[in-house]
1. What order do you get for 5-18, 122-135 when each peptide is scored by the mean count of other beta carbon atoms within 10 Å, highest first?
2. Roughly speaking, to the nearest percent, how much of segment 26-86's 1.4 Å accessible area is carbon and sulfur?
3. Sticking with the crude label model, points 7 Å out along Cα→Cβ, report the distance from T254 to S24 in nm, one decimal please.
4. Exceeding 31 Å between C-alpha atoms, which entries from my cross-link table qualify? They are K150/K181; K62/K150; K26/K181; K26/K62.
5. With both bridge residues required to lie in the chain, what share of the DSSP beta bridges run antiparallel, to the nearest 5%?
6. Which whole-number value in Å² is the accessible area per residue of the chain, probe 1.4 Å?
7. Using packing as a proxy for protection, rank 277-289, 140-152, 23-35 so that the peptide with the highest average count of other Cβ atoms within 10 Å comes first.
8. Which of these, I184, I158, I262, has the largest mean-square fluctuation under a Gaussian network model of the chain (Cα springs below 10 Å)?
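The values are calculated or read from the model by the stated rules, or taken from the named source; none is laboratory data. Fair warning: this is a prediction, and the values are worked out from it, not measured in the lab. Neighbour counts run over all protein chains shown; Cβ positions are idealised from the backbone, glycine included. Just so you know, the surface numbers come from the protein's heavy atoms only, side chains and all, with ligands and any DNA or RNA stripped out. Shrake-Rupley method; radii C 1.70, N 1.55, O 1.52, S 1.80 Å.
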Amino acid sequence: MGRTARRTYELQDVNIVPSRRTRSSKEVSTAWQLDAYRFDTPILSHPTDAIGSPDFAIELGKLGGLGVLNAEGLFSRHRDAEAQLEQVVELAAGDITGIAAIRRLQELHAAPLDPELLAAAVGRVRDAGVTVAVRVSPQRARELTPVLIKAGIDLLVIHGTIISAEHVSAEDSAGEPLNLKTFIGDLDVPVVAGGVSDHRTALHLMRTGAAGVIVGYGSAEGATTTREVLGIGVPMATAIADAAAARRDYLDETGGRYVHVIADGDIYSAGDVARAIACGADATMLGAPLAVAAEAPGKGWYWPSVAAHPSVPRGADAPAQLGGLDAGEDSPAGAAPSLQTILTGPSTEPNGQLNLVGGLRRSMAKAGYSELKEFQKVGLNVAY
């Protein structure tokens, strides 16, 4: 008595309802545009060391997606980041509890940030000719953004587990809060901010001038423990729909300014990508589904970016899985699939974890839609 709780839904609770019209998947476009930057596929990478190397970002960019570097990750702290990651993977493989790997990640992240390493990582991606996106936390946005702007980034991602329009921290210079509206207004690059889980916060972030809002916190089964540690849960279907409603309200409020909604969490298959967009997302930020790629620096292991928090880690080092098998066991030859196979196939796996874009295209075609924004209008039902 005296308390109420809202009924909410995960992506897996939602089904897409086909319309009376279908079309050929060859007539479907999965392209989308964020500010001045156009992408062939609605897929970004979660900013974690497991998939956050410059080489991985370059490969994803060449395949039509957007790789997001972590300005506060290992590639900005250690010149031998790949070797350090191999050590983390060895610890994870030899310890079923995962504690040793997390402890090592914390130790590695305790090393100071090196602006030269950060600028070099940005430069490698920029020189490859793909769009450069880099994540900073709200706590270090003031400190690191000038370095990133000078290095030549295209997009800035201000990303935390939960983010608000005004971040208050005594650690900020002079104890002043980070006012995102002022901060974003002074920048010459577009900003994506998140994560959020409700209509009000999403609308507040849109009012700061952000070009995109991230919904969710990168949750992945077996890897993310934010629910266990903080008691905070983000049912993604509801969260995406709420953010999409905020986008519609903001569109009316501003007379036409469109802010993109990017879903980050509980997306494991092509069907989940389709459900996220059907709920109102413009694009999806993937972690575990990309970690099985042969190009991933985590070698088939995945952990979210918050796993290395120095005092309250909210993630585990878990093996990414493909069709129920650990990465690397998906073929007779024991070879991990390429990133290209994960995105565009062809697939020999029946659970939708390979050829993510192909599955999305076919879902759109079966429902009769040819564009992503149109597909956001598709009918949905909830099954129990």
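1. 122-135, 5-18
2. Numbers: 790 of 2050 Å².
Roughly 39 percent, rounded to a whole number.
3. Between T254 and S24, the label points sit 3.8 nm apart.
4. Distance filter (> 31 Å) returns K26/K181.
5. Taking every DSSP beta bridge within the chain, about 35 percent pair in antiparallel fashion.
6. Working: 16580 Å² over 384 residues.
Result: 43 Å² of accessible area for each residue.
7. The peptides rank, most packed first, as 277-289, 140-152, 23-35.
8. I184
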